[in-house]
Amino acid sequence: LFASSLSGCLLLLCGSSWGINASVPLVIWHGMGDSCCNPLSMGAMKKMVEEEVLGIYVLSLMIGKSVVQDTENSFFMDVNEQVSFVCDQLAQDPKLKGGYNAMGFSQGSQFLRAVVQRCPDPPMKNLISVGGQHQGVFGLPHCPGESSHICDWIRKMLNSGAYTDAIQKHLVQAQYWHDPLDDLYKKHSLFLADINQEWVVNETYKKNLMSLNKFVMVKFLQDTMVDPVDSEWFGFYKPGQAKELETLQESAIYTEDRLGLAEMDSAEMDSAGKLVFLATDGDHLQFTREWFNDNLLPYLR
């Protein structure tokens, strides 16, 4: 969750509980510039889910040993190391051994997709992607703290050499930077190119993703932070240019079914209906508690 979007989460604190009983735990992964326990974002989200779903165990992931380190790691810790850290944490949590649902916010969404593809034990049941960028981004039009030095520095590094070893290994956003104009993405992206099967089809990744009951993707129609916003539904620019967009269903990742998404989406397969595309008319991560209850809470039962 972007720090500059935190005020929208305050809307989630109003409303009444449905009193739903559930036994499936929930794992939450925050976005860039946020932390596990910010009382205006993930802390509020955790509290709200606990109010709505009686007795639920909610684990809001902390990447590191402190809230400060967690926030810093959302910018500077190698994503593959973060995913390994989380996989170990989930495997060691006895409350998750029967399985869990997962909900990612912004970049936390694609990180959780890496978890399900790489780490099937304990099993993830439903994956809810809230404003995630599953085909990456090609721009940072409005990152948190627009006038801060860190945002200016990130933009400069991405523009000057997103696919150099030094930047790939030490800048989180470079690892899901997707330049449609340059084949360097497929050759040198350390994270996104791997989980999107750009190099080779890893049948284990495909099998594990297809094991989900539901893969829910939320798109924010007025999003000013994700470029292009279609990435929130697994769409992106057509290869070789950065103007014309294509949907997931038009892309090679779907037509070649490198991740099993076509089969998950097909009405002719037993796995039909596993992909859920939701949209809300708001800016990045801006939604009401009512919208959450109506659209996302059913997947947490």
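The values are calculated or read from the model by the stated rules, or taken from the named source; none is laboratory data. In this text, all values refer to a predicted model and were calculated from it rather than measured experimentally. As a convention, Cβ positions derive from the backbone with ideal geometry for all residues, glycine included, and neighbour counts pool all protein chains shown. With ligands, DNA and RNA removed, areas are computed over all heavy atoms of the protein, side chains included. Shrake-Rupley method; radii C 1.70, N 1.55, O 1.52, S 1.80 Å.
Heavy atoms only, probe 1.4 angstrom, no DNA, RNA or ligands counted: give me 48, 77 ranked by accessible area, highest first.
Solvent-accessible surface, decreasing: 77, 48.
Can you compute the helix-only [θ] at 222 nm over the chain? Use -39500 (n - 2.57) per DSSP H run of at least 4 residues, normalise by all residues, nearest 500 deg cm²/dmol.
-9000 deg cm²/dmol, from helical runs alone.
For residue 279, enumerate residues with amide H under 5 Å from its amide H, sequence gap 5+ or separate chain, H modeled in the peptide plane.
Under 5 Å from the amide H of residue 279 lie the amide H atoms of 219, each far enough along the sequence or on another chain.
Considering only 174, 120, 74, whose Cα is most displaced toward the positive end of the charge dipole of the stretch 26-299, charges sitting on Cβ of Lys, Arg (+1) and Asp, Glu (-1)?
Final value for the positive-end residue is 120.
Name the GluC sites (Glu not before Pro) in the stretch 50-85 that are in a loop by DSSP and that have at most 12 other C-beta atoms within 10 Å, would you?
Sites meeting the loop and neighbour criteria: none at all.
Are there GluC sites (Glu not before Pro) in the stretch 191-256 that DSSP marks as loop and that have at most 12 other Cβ atoms within 10 Å, and which are they?
244, 256
Which shape class applies to the stretch 159-301: rounded if a/c is under 1.5, otherwise prolate when a/b exceeds b/c and oblate if not, where a ≥ b ≥ c are the square roots of the Cα gyration tensor eigenvalues?
The shape class here is oblate.
Between beta-carbons, use under 9 Å as the cut-off and find the net charge around residue 185, counting Lys and Arg +1, Asp and Glu -1.
Neighbour charge sum, excluding residue 185 itself: -2.
Carbon and sulfur atoms: what percent of the 1.4 Å accessible area of the stretch 26-299 do they account for?
Percent of accessible area from carbon and sulfur atoms in the stretch 26-299: 53.
Per residue, how large is the accessible surface of the chain? Use a 1.4 angstrom probe and give square angstrom.
41 Å²
Please report the antiparallel percentage of DSSP beta bridges with both residues in the stretch 26-299, rounded to the nearest 5.
Close to 10 percent.
Return the label of the correct value of Rg/Rh (Cα atoms, Kirkwood Rh), as calculated from the structure shown, out of (i) 0.98; (ii) 1.01; (iii) 0.93.
(iii)
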